[in-house]
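J.: Below is a structure I'd like to ask you about.
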Amino acid sequence: MTQSTQNEIQWWQSGVVYQIYPRSFKDTTGNGIGDLEGIIARLDYLNDGKADRKAEGPPSSLGVEALWLSPFFPSPGADFGYDVSNYVDVDSIFGDLATFDRLVSEAHKRGIKIIIDYVPNHSSDQHPWFQESRLNKHNAKRNWYIWHDPKPDGSPPNKWGSVFGGPAWTLDEETRQYYLHQFLKEQPEFNWREAEVKKALFDVLRFWMDRGVDGFRMDVIGMLLKDPELRDNPHNPSADPGLPDFNAYERVIHQYNEDLDEVHQILRDFRALTDQYPDRCLIGEVWYELPRWIMYYGKNGDELHLPFNFRLMDLPWDARAFRKSVDELDAAVPDFGWPNYVLGNHDRRRLASRIGLAQARVAAMLLLTLRGTPTLYYGDELGMNNGEITLENMQDPQGFRLGLDRSRDTGRTPMQWNSGTYAGFSAVEPWLPVPQDFQERNVELQDADPSSMLNLYRQLLRYRRMTPALNQGSYRSIDVDREGCYVYVREHAQGARLLALNFVDEPRNISIPAMDRGRVILSTHMDRVGSVLLSDLDLRPNEGVIIEVNV
Ligand code: GLC
């Protein structure tokens, strides 16, 4: 529970990260797919750089401090950009390098940092490196990927399965060896034990940092190294016994294909490289159990700045479960580390669809007031719902392989800008359908409604930014003995704030006798401020409040 001082705090600690899925943000070219020019056009929506100048009334802009862009690199699109065929360029669908440079400079003008995706575990099978590697067994790039002879009976080298179902190995008919791919067969995995691979992929980081990129979100970073002996993984006793044979991946404990101890040396080297540039930030996609997850901060803070914390996304919407998860995480993060929280991303169902619109407002307050960096997913600030995905309009390869109910398209539908055709996203039919409720739920409507979800997010972001207790203070949860309520205090030398969140659709009365009176600053209902008695605090159904308190 460290309490950093103002001058130590970094942008990636006090700031809020907003994830953009570029295909779905704003189309300016009329092909039904979002592009970089579209992001530039909407920067003022994200942060016009003026949010702090006006302390009264609804802020004019969301006010996020950083954008994370999912991949926009040249790609055949088998996994929608997570299959990169050139790491140092922009796919022509999205624009070009000059547009990217303009995006960086326009963002920086507004005080927005740019974080980009980095996909170092695998490339596209169309990447020239893999094309060369697969030519024959003796070429200079053969060892850049993981090739192995078949077993004597011709079967794959081991039983590893792909995350998307099926075996993790595909036989190359020409050279009679298998290559490893723990996602699609179009995503062959690099051999990170090969020094030239490391050099080539480190050069990629330099390339983007030299162009002004402020940070990287590192895709499946714990998977970079595999057991040199390629041993089979042990069976997972808690795996769903009903899983089809096809789903070999989910039936095992990933002892030999992920989270190897040795991976931390590569992480340290990544960090040493990015530390050569000022103020860069490394975020990593790691989903392991707490004791292993925590190691990704490094022994002394010499690895990731922020290993993504997805725990809250996997929990039922339950106050007690949330408190337990946050308490454990906050206590576990070492003094040199900094927590972070994620409630939605491009791999999950929409937050509002998971917990309902009323509670999505409570979730917004939670996410923006916990101790740690929040990552917002585009559209969640409107309460966007899951898209209606059918077999006819499905695009996601995971859905094709694991079934419609596993399609990630539901959370990747076009941003809802207005009530016009295709929600103002595009002039033509978009690559995924716009959810049917866009005429009731879009930026234009919510901008005009002072108590909309969008304006709640804007207020929360502004208040978080101007309140040291919220953007850097310590965290302590409080026992209130009321089912459905989660209460915590954020403390800082410049003042403390109490958060009282009602996770249920019923009124609750809570009592905190140790505190006397407080002043409500903001309710998720956006209709009350002023003095309250903390020994007798009424929360309405689905209400969260921020209260200024003396502790
Ligand atoms: C990560 C990405 C996901 C992608 C996978 C393979 O989990 O978030 O979208 O499919 O990596 O790159």
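J.: What tally of residues in region 153-204 results from selecting those that are within 16 Å of the ligand (Cβ to nearest atom) and open to solvent by 40 Å² or more (accessible area, probe 1.4 Å)?
T.: 2
J.: If a residue must be open to solvent by 70 Å² or more (accessible area, probe 1.4 Å) and within 20 Å of Ala360 (Cα to Cα), how many such residues does region 517-537 contain?
T.: Going through region 517-537 one residue at a time, the tally reaches 1.
J.: If you don't mind, there's one more thing I want to ask. Name every residue in region 214-223 that is within 12 Å of the ligand (Cβ to nearest atom) and in contact with a helix residue (DSSP H, G or I) (Cβ under 9 Å, 6 or more places away or on another chain), in order of residue number.
T.: Residues satisfying the conditions are Met218, Ile221, Gly222, Met223.
J.: Let me ask something additional. Residues Asp347, Asp335, Asp327: which one is surrounded by fewer than 18 Cβ atoms within 10 Å (Cβ to Cβ) and within 16 Å of the ligand (Cβ to nearest atom)?
T.: Residue meeting the stated conditions: Asp347.
J.: A further question follows. Tell me which residues, restricted to region 422-445, are in a loop (DSSP other than H, G, I, E, B) and open to solvent by 80 Å² or more (accessible area, probe 1.4 Å).
T.: Hits for region 422-445 are Ala427, Glu429, Glu440.
J.: Okay, moving on. Determine the pairs where a residue that is farther than 17 Å from Met394 by Cβ, located within region 425-436, has a partner that is open to solvent by 10 Å² or more (accessible area, probe 1.4 Å) and in a helix (DSSP H, G or I) with Cβ atoms under 8 Å apart, the partner being 6 or more residues away or on another chain.
T.: Taking only residues 6 or more apart or on different chains, the pairs are Ala427/Thr421; Val428/Tyr422.
J.: Do the conditions hold for Arg211, that is, is it touching a residue at least 24 places away in the same chain (Cβ under 8 Å) and either within 21 Å of Trp144 (Cα to Cα) or within 16 Å of the ligand (Cβ to nearest atom) (or both)?
T.: No: the conditions fail for Arg211.
J.: While we're looking at this one, here's another question. What residue, of Tyr296, Tyr288, Tyr249, is open to solvent by less than 20 Å² (accessible area, probe 1.4 Å) and within 16 Å of the ligand (Cβ to nearest atom)?
T.: Step by step, each of Tyr296, Tyr288, Tyr249 is checked, and only Tyr296 is open to solvent by less than 20 Å² (accessible area, probe 1.4 Å) and within 16 Å of the ligand (Cβ to nearest atom).
J.: How many residues are open to solvent by 20 Å² or more (accessible area, probe 1.4 Å) and either aliphatic (A, V, I, L, M) or under 21 Å from Tyr82 (Cα atoms) (or both) if we restrict to region 261-272?
T.: Residues in region 261-272 being open to solvent by 20 Å² or more (accessible area, probe 1.4 Å) and either aliphatic (A, V, I, L, M) or under 21 Å from Tyr82 (Cα atoms) (or both): 1 in total.
J.: For region 479-505, what are the residues that are closer than 17 Å to Arg519 by Cα and surrounded by fewer than 19 Cβ atoms within 10 Å (Cβ to Cβ)?
T.: Gln494, Gly495
J.: Here is a list: Gly34, Gly15. Which entry is over 25 Å from Gln472 (Cα atoms), buried (at least 19 other Cβ atoms within 10 Å of the Cβ) and at pLDDT 95 or above?
T.: Gly34
J.: Any chance region 453-474 includes a residue that's open to solvent by less than 10 Å² (accessible area, probe 1.4 Å) and free of Cβ contacts under 8 Å to residues at least 40 places away in the same chain?
T.: Looking for residues that are open to solvent by less than 10 Å² (accessible area, probe 1.4 Å) and free of Cβ contacts under 8 Å to residues at least 40 places away in the same chain, one finds at least one in region 453-474, hence yes.
J.: Using beta carbons and a limit of 7 Å, which pairs, at least six apart or on different chains, have the first residue in region 85-110 and closer than 22 Å to Leu201 by Cα and assigned by TED's automatic domain parsing to the domain that holds Ser133 and the second one part of a helix (DSSP H, G or I) and open to solvent by less than 40 Å² (accessible area, probe 1.4 Å)?
T.: none
J.: Please list, ordered by residue number, the helices (runs of 4 or more DSSP H) wholly in region 245-329 having 2 or more residues that are under 22 Å from Asp347 (Cα atoms).
T.: Fully inside region 245-329 and qualifying: 290-293, 311-314.
J.: How do the pairs read when you match residues in region 119-131 that are without any contact (Cβ under 8 Å) to a residue 60 or more places away in the chain and over 14 Å from Asn143 (Cα atoms) with residues anywhere that are near the ligand (Cβ under 10 Å from one of its atoms) and aliphatic (A, V, I, L, M), using Cβ under 8 Å and keeping only pairs 6 or more apart or on different chains?
T.: Qualifying pairs under 8 Å: His127/Val84.
J.: If you scan region 218-244, which residues turn out to be open to solvent by 30 Å² or more (accessible area, probe 1.4 Å) and not in a loop (DSSP other than H, G, I, E, B)?
T.: Scanning region 218-244 gives a single hit, His235.
The values are calculated or read from the model by the stated rules, or taken from the named source; none is laboratory data. Since the model is a prediction, treat every value here as computed from it, not as a measurement. Using ideal geometry, Cβ is built from the backbone for each residue, glycine included, and neighbour counts are taken over all protein chains shown. Quick note on the areas: whole protein, heavy atoms, side chains included, nothing else; ligands and nucleic acids left out. Shrake-Rupley method; radii C 1.70, N 1.55, O 1.52, S 1.80 Å.
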